[in-house]
Amino acid sequence: MARLIFITGGVVSSLGKGLASAALGALLQARGYTVRLRKLDPYLNVDPGTMSPHQHGEVYVTDDGAETDLDLGHYERFTGVASSKADNITSGRIYQQVIEKERRGEYLGRTVQVIPHVTDMIKEFMLAGADEVDFLLCEIGGTVGDIEGLPFFEAIRQLGNELGRENHAFVHLTLVPYLEAAGELKTKPTQHSVKELRAIGIQPDILLCRSEKPLPEDDRRKIGLFCNVPKERVIPALDLPSIYRAPIAYHEVGFDTELLKVFGIHDAPQPDLTKWDWVVGRVTNPEGEVRIAVVGKYMQVKDSYKSLNEALTHGGIVNNVRVRIEMIDSTIFEHADAAPFLEGFHGVLVPGGFGERGVEGKIEAVRFARERKVPFFGICYGLHMAVIEAARDLVHLEDANTSENSHPKHPVIALMTEWIKGNRVETRTETTDLGGTMRVGAYPAVLTAGSHVEEVYGSNTISERHRHRYEVNVNYVQQLSECGLVVSGWSPDGRLPEIMEIPNHPWFIGVQFHPELKSRPFAPHPLFKSFIAAAVQQSRLV
Ligand code: GLN
């Protein structure tokens, strides 16, 4: 049975609980333990799949087709452990399961209540498969005191009792703000947050205190005293220049050592942090720089393209360059020429997206990259844009478009009504519910011998994660390929184009899937590695 670590947050949201959990997971791994990380989100959406990236950042997709919280992306990137459906749950899903069980009559006539029925369902979720690893880390979304979060806090309180002292730990992440006017750090918000936690029966074992200035020893002592935590377990967590420094920084301040002591472990091997040192070295002292334009739509929320930004950074790490990512709102190109904006970039990337707004601007960005022979990477909607651009400009089908937004005369991107998943046929129509009806999760593809992507992957069969409703319309593939945009990756049944490329271009690749979801700092995705290498080449030309 795994030891459980519950990670909660207080004071404000967005303190980086997900990152802290991921870094802790990596630290435990560096000491030779096996880990698994889970996220419990108190909101009522059944999954984040239908939430706008403006609201909640990107939707992270797992191999087994779960649409999950972006924190699972941090977990995977830091630990390399692939997450699954079993690693993210919301209040919405918990209640759905409880209600379905009630409808089936499985509660045998009892009154169905938050305690014990909802809390039991939460505990069941947390403990599933817990015997497979040494440590199971469960992060509770939101902050202590949120109404929606109460059943989750109650569930972990109960679990703490059931598991016993040496089998669980409560880690609470708080903020110690710096008040410019007073010229000092303030511990009161942390005290209040812990008071809130203790009021619902949870005594934190470790406090992780985020602050922008070093936490003086006196403040640590004070927080410890008021919060009933030994001073050594009040861990300062300073803002860091790179997220990949977190495991090293946490170890330096004794986070993992103290945590293991909570479990009664005093003789664990020291962590081997060599690979983290290497990554930090590469991120902080690169030898060059490339500039990449990401032409998309969700610009206001930094987390909307979280995995994409990380994957580009990984491409930089392996090529030993800093990747300067500039987000450009594609709607600009609907009124202004794209060239003056895009000249000087070493690569153009059009990421995934939904809906009509900004589409014409993205098409302009593709045209620029294709004509000027600037490295171009189209991801999902980005591939769709590349196909529309080529259909209009090279095949001369003026009305070419995606049927996602209208009913064009030439639907070069169209809704697939049937596709094969494993040995099952999945179907959808224009009227199916929006939630949970996309082609989502890992699908294999076969790459064309001698193609650019085959060279990039160094293999001819791949598996990548999808999340979309529309596909390249096979009826136009012949015309497109005669004009230079060829399919170089197909679904194994040969029915769905998965990758398209322009052989007569230094680097022009569009993919139907989301390669960014599988990139890791130590194992950069081959497409990102190659795209950044092409950008380095480009930087030598301009
Ligand atoms: N909107 C497109 C579709 O649903 C692309 C989705 C995406 O980029 N993830 O097919």
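The values are calculated or read from the model by the stated rules, or taken from the named source; none is laboratory data. Nothing here was measured: the structure is a model prediction, and the numbers come from that model. Virtual Cβ from ideal backbone geometry, glycine too; neighbours counted across all protein chains shown.
Tallying residues that are assigned to a loop (DSSP other than H, G, I, E, B) and in contact (Cβ under 8 Å) with a residue 60 or more places away in the chain within the stretch 237-283 yields 8. Each residue in the stretch 352-383 was checked for being crowded, with 21+ Cβ neighbours inside 10 Å and either of a type in the set (Ser, Thr, Tyr) or touching a helix residue (DSSP H, G or I) at 6+ places or on another chain (Cβ under 9 Å) (or both), and 21 pass.
If the condition is being free of Cβ contacts under 8 Å to residues at least 60 places away in the same chain and aliphatic (A, V, I, L, M), then the stretch 346-371 contributes 348, 350, 359, 363, 366.
In the stretch 300-335, the qualifying residues are those that are assigned to a loop (DSSP other than H, G, I, E, B) and in contact (Cβ under 8 Å) with a residue 12 or more places away in the chain, and the one that is nearest to the ligand (Cβ to nearest atom) is 301.
Tallying residues that are over 20 Å from the mean Cα position of the chain (by Cα) and either aliphatic (A, V, I, L, M) or surrounded by fewer than 23 Cβ atoms within 10 Å (Cβ to Cβ) (or both) within the stretch 516-542 yields 11. Within the stretch 298-317, none of the residues are surrounded by fewer than 21 Cβ atoms within 10 Å (Cβ to Cβ) and more than 20 Å from the chain's Cα centre (by Cα). Of all residues in the stretch 463-506, those that are touching a residue at least 60 places away in the same chain (Cβ under 8 Å), within 18 Å of residue 367 (Cβ to Cβ) and in contact with a Gly (Cβ under 7 Å, 6 or more places away or on another chain) total 2.
I need a count of the residues in the stretch 453-475 that are of a type outside the set (Lys, Arg) and within 16 Å of the ligand (Cβ to nearest atom). Don't jump to the end; show me each part of the working.
Step one: list which residues in the stretch 453-475 are of a type outside the set (Lys, Arg), which gives 453-464, 466, 468, 470-475.
Checking the rest, the ones that are also within 16 Å of the ligand (Cβ to nearest atom) come to 464, 466, 468, 470-474.
Residues that pass the stated criteria total 8.
Within the stretch 377-397, the residues that satisfy the criterion of being closer than 21 Å to residue 290 by Cβ and either charged (D, E, K, R) or within 11 Å of the ligand (Cβ to nearest atom) (or both) are 378, 379, 382. Residues considered: 228, 285. Of these, the only one that is more than 26 Å from the chain's Cα centre (by Cα), surrounded by fewer than 14 Cβ atoms within 10 Å (Cβ to Cβ) and of a type outside the set (Ser, Thr, Tyr) is 228.
The residue list 64, 131 contains one member that is touching a residue at least 60 places away in the same chain (Cβ under 8 Å), over 24 Å from residue 13 (Cα atoms) and touching a Ser or Thr at 6+ places or on another chain (Cβ under 7 Å), which is 64. Once the stretch 234-270 is narrowed to residues that are over 15 Å from residue 78 (Cβ atoms) and of a type in the set (S, T, N, Q), the residue that is surrounded by the fewest Cβ atoms within 10 Å (Cβ to Cβ) is 270. Confirm whether residue 374 is in contact (Cβ under 8 Å) with a residue 12 or more places away in the chain, aliphatic (A, V, I, L, M) and away from the ligand (no atom under 16 Å from the Cβ). It is true that residue 374 is in contact (Cβ under 8 Å) with a residue 12 or more places away in the chain, aliphatic (A, V, I, L, M) and away from the ligand (no atom under 16 Å from the Cβ). For the stretch 385-421, how many residues are in contact with a Gly (Cβ under 8 Å, 6 or more places away or on another chain) and either buried (at least 18 other Cβ atoms within 10 Å of the Cβ) or modelled with pLDDT of 95 or more (or both)? Looking only at that region, the number is 6.
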